[in-house]
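Presented below is the structure to which this report refers.
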Protein chains: 2
Amino acid sequence: MTTPASHRAPPDRSLLDSLRQLLGDRLSTSAAVCAQHGRDESYHQPHAPDAVAFVHSTEEVAAIVSLCAARKVPVIAFGTGTSLEGHVAALRGGVCIDLSQMNRVLVVHAEDLDTTVEAGVTRKQLNEYLRDTGLFFPIDPGADASLGGMAATRASGTNAVRYGTMRENVLALTVVLADGRVIRTARRARKSAAGYDLTRLFVGSEGTLGIITEVTLRLYGIPEAISAAVCPFPSLEAAVDTVILTIQSGVPVARIELLDEAQIAAINKYSKLDHRVAPTLFFEFHGSEASVAEQAETVKSIAADHGGDDFRWATTAEERSRLWQARHDAYYAALALRPGSKGWATDVCVPISRLAECIAETKRDLAGSLIPSALVGHVGDGNFHLVFMIDPNRPEEIAEAGRLNERIVARALAMDGTSTGEHGVGYGKMDFMAAEHGDALDVMRTIKIALDPGNILNPGKIVRI
Amino acid sequence: MTTPASHRAPPDRSLLDSLRQLLGDRLSTSAAVCAQHGRDESYHQPHAPDAVAFVHSTEEVAAIVSLCAARKVPVIAFGTGTSLEGHVAALRGGVCIDLSQMNRVLVVHAEDLDTTVEAGVTRKQLNEYLRDTGLFFPIDPGADASLGGMAATRASGTNAVRYGTMRENVLALTVVLADGRVIRTARRARKSAAGYDLTRLFVGSEGTLGIITEVTLRLYGIPEAISAAVCPFPSLEAAVDTVILTIQSGVPVARIELLDEAQIAAINKYSKLDHRVAPTLFFEFHGSEASVAEQAETVKSIAADHGGDDFRWATTAEERSRLWQARHDAYYAALALRPGSKGWATDVCVPISRLAECIAETKRDLAGSLIPSALVGHVGDGNFHLVFMIDPNRPEEIAEAGRLNERIVARALAMDGTSTGEHGVGYGKMDFMAAEHGDALDVMRTIKIALDPGNILNPGKIVRI
């Protein structure tokens, strides 16, 4: 009850009593627990919910939503709190449903290459569970996020260039609707033409249309061979052009990541590495031994044409793990460059033909700014991130980061790109939706109102009602 | 005006006048034109619209929909009329919008591997257009359907096992809404987390939520090497087990199609071929020379373990084209076995682990029936089709086909499969939606009512209002 948000209903004693009857001590109203659940990893203002419910089943979620719906109290789903646009902020108070204890892998159909998990299972937990099956789940947004949260935010990450995003890898969902009804969005068949694609509608809806409690996912066989490499380039343009040609050549690269000089300097320092400080690509290749060798040869030849001839290879699992850990720590490494700073992260995605231009213009913007920043990107998808290391006590830095962010988004939209490739909308990017979608935003609003007429599901996110 | 449908509004003179003013002689009310536009390639009862509008632009479609919306007159979109579940039947009369003259390829972004086409462009026309670019569009449902129609029905076909369906290959759509507004569902970025996935909502909505007028599609580089083969097996089980192992082994096979003995006999006769009359798999492999060779070796070894050791290879474009033409003619070949018969086609899709069992049980059903039938399948996806060759003048055969169809669908649903893998719902499979979706069908209905409150867009399809 410590948050400054307006519009909140006063906490409802009878609701809390009913919830406590349902959940016992799995309902918390402690200020610390509530504060922790109103905050994600972003710079956005946190907003604590009035209570947090630690649920154990879909039925409990349905009961909570029914109780809240009857009183028009907001309900916000919470996985691991690793979102980046204020997705979990309880802008109007209400009940946070923490799904982290719904963490059972329900079934693995190895022969069908699919699994059904409860929403609180994290991606690392799932891959640990799968270890002896020869299968894995590839989507890797960096954070060890919950699979329900990853579905809700349409997460992607480093592997998306080959394996797709959550959009392509969720087969079906169990969802609690705004009135407490429970639906299954699809069957386990690989494809279906039987009606509207509800699965894809809920994937990326950020808890605003329903609460995802179970997720059926595609799995993949662990590749026979995996090889990773790092290569510095004489310029950002040279690195980006290498990416573009690689994608256009149809090389089924599993990962192709760009880090700018600032980011390389940061990870060198943070992870005690000695990469040459230059714009750098990180690669990973999956396939048979022969196919991996063939992919690597093609990419080496493209890179050499662009001045990238210093490939460092990582073939053992340990070397690869160290290489990618450094990449995943990029955000923390950047922040460590400026002690006491907070990260303001943004991401956009453009058609790959515009990527070099988009990055070059963005870097020119940044060169004229006093705030330090670092750039990393899932460049095979045309997607890149910036993190500004801001001093949270200096309003002028926050304003400057906001101004730069607006310019980056406007540039991406002008290039027929999107304001967010993978971080999502939350409340941080809601103001860009009209520019991005035009009248299509009205269609989103119509759907939101139809499926959640009381506007209780994560209100104030994606679309304004 | 010759159709027996009930509930139809009387033709509206002022509407026809307004449409004629807009379209001139591109509006037709001729009985022959209307009859042709109320019919698809299925056994379902055709229902002619009251008028057919041959449109040239999104703006014309918007104007027509606005005029019809004001009068609550149904609007049915028409591409090539090759659907199979009565999708284009004007059950309540109204205006058919024929998009076949919107057939311009608007732009090809070769460097981004995408293209935007008007909805009436057919897949063969697009691939012809792309011929000199080194790119192609892989989705191939057999018929030379329009790309707007393929998007609207979530089409897939023989290549889906590798390239996905229209679900995975549509990047964005231009859609005319039920009130005549025009939206663009997405940008050209490869991925986005910016709000609800409207693209996937309209893909597969069969013209019931909006009318697709432009489609942005993913393209692929033409593989360096393509190789195809045919191999007979001692039993259906042996063939299906070969498929299952191939998929589970992660071989990125581009096509893997099953034809049963009846179907092989039919294509032998129809296409003057000499395939051994046995359950047979048709394969195609795409990739580099080395990769294609590697894939072929793996599959040959799996097949040999199941008694399939008589591979016939087609490597030249002509040989491959002849091979696949025979496969694509399967439907007509089956019908030719029983002169004067009509085809009653059905399709289901199940998790691949259940495919052998599903086909075996289905074949036992069929063995007890007097109606001849043939089975073909996109078995790599767990999807198969049956065509019953029925005498349309014998009601008992129609009833028997209906009974068999119900059993096949019930079996697929019991196996966590779907009532239709790719043919869609139309009005032919609408009665199965409740069993397949449960309360999720109510969500579909809620969305339909929200986006088309007057129920003018292809009424009587997918969900009953």
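Observations
- Rounded to the nearest Hz, the phi-derived 3J(HN,Hα) couplings of the stretch B:310-315 under the Karplus curve 6.51 cos²θ - 1.76 cosθ + 1.60 (θ = phi - 60°) are 10, 6, 10, 9, 10, 10, where x marks glycine and proline.
- Rounded to the nearest 500, the helix-only mean residue ellipticity at 222 nm of chain B stands at -10500 deg cm²/dmol, with each DSSP H run of n ≥ 4 adding -39,500 (n - 2.57).
- The ellipsoid equivalent to the alpha-carbon distribution of the stretch B:37-138 has semi-axes of 30, 18, 9 angstrom, derived from the gyration tensor eigenvalues as √(5λ) and listed largest first.
- Members of A:LYS124/B:LYS448; A:LYS269/A:LYS429; A:LYS191/B:LYS269; B:LYS272/B:LYS363 lying beyond 30 Å, as alpha-carbon distances in this model show: A:LYS124/B:LYS448; A:LYS269/A:LYS429; A:LYS191/B:LYS269
- Whole-Å distance, taken between Cα centres, linking the stretch B:405-453 and the stretch A:342-366: 43 Å
- Per the Debye calculation on chain B with a single equal scatterer at every Cα and no solvent contribution, log₁₀ I(q)/I(0) for q = 0.11 Å⁻¹ amounts to -0.90.
- Given charges at beta-carbon only (K, R positive; D, E negative), |dipole| of the stretch A:367-465 in Debye: 160 debye
- Taking the convex hull of Cα positions in the stretch A:275-319, its mean projected area over all directions (nm²): 3.6 nm²
- Semi-axis lengths, Å, the stretch A:372-435, gyration tensor of Cα atoms, sqrt of 5 times eigenvalues: 21, 15, 10
- Cα lying deepest toward the dipole's positive end in chain B, options B:GLN101, B:TYR220, B:SER30, charges on Cβ: B:SER30
- Shortest-first distances to equivalent copies, position A:ASP132, nm, label 7 Å out along Cβ: 6.1
- Working note: Karplus 6.51/-1.76/1.60 with θ = phi - 60° gives the stretch A:26-34 the couplings 7, 9, 10, 10, 5, 4, 5, 5, 5 Hz, where Gly and Pro are set to x.
- Ordering of A:350-356, A:433-439 by packing [mean C-beta count within 10 Å, highest first]: A:350-356, A:433-439
- Residue-wise HN-Hα couplings along the stretch A:73-90, as the Karplus relation 6.51 cos²θ - 1.76 cosθ + 1.60 with θ = phi - 60° gives them from phi, are 9, x, 10, 10, 7, 9, x, 10, x, 9, 6, 10, 10, x, 4, 9, 4, 8 Hz; Gly and Pro carry x.
- The stretch B:73-108 and the stretch B:135-156 have Cα centres spaced 14 Å apart.
- Peptides B:214-225, B:84-95 ranked from most to least packed give B:84-95, B:214-225, packing being the mean of other C-beta atoms within 10 angstrom over each peptide's residues.
- Ordering of A:408-417, A:251-260, B:197-206 by packing [mean C-beta count within 10 Å, highest first]: B:197-206, A:251-260, A:408-417
- Taking other C-beta atoms within 10 Å as the exposure proxy, B:ILE212, A:ILE371 rank A:ILE371, B:ILE212 from fewest upward.
- DSSP H segments from chain A that extend 24 Å or more along their own axis, Cα-based, with Kyte-Doolittle mean of -0.5 or above: A:289-305, A:395-414
- At the listed q of 0.06, 0.07, 0.10 Å⁻¹, the Debye profile of the protein assembly as shown, built from one uniform point per Cα, gives log10 I(q)/I(0) equal to -0.41, -0.57, -1.19.
- Label-point spacing at A:ASN393 relative to the other copies reads 9.5 nm, in ascending order, each point sitting 7 Å out from Cα along Cα→Cβ.
- Placing a label point 7 Å from Cα along the Cα-to-Cβ direction at B:PRO234 gives distances to the equivalent points in the other copies of 6.5 nm, listed shortest first.
Readers should treat all values here as calculations from the given coordinates under stated rules, not as data from a laboratory. Bear in mind that the values here come from a model prediction, so they are computed numbers and not experimental data. Because the Cβ atoms are built from the backbone with ideal geometry, glycine has one as well, and the counts that use them run over all protein chains shown.
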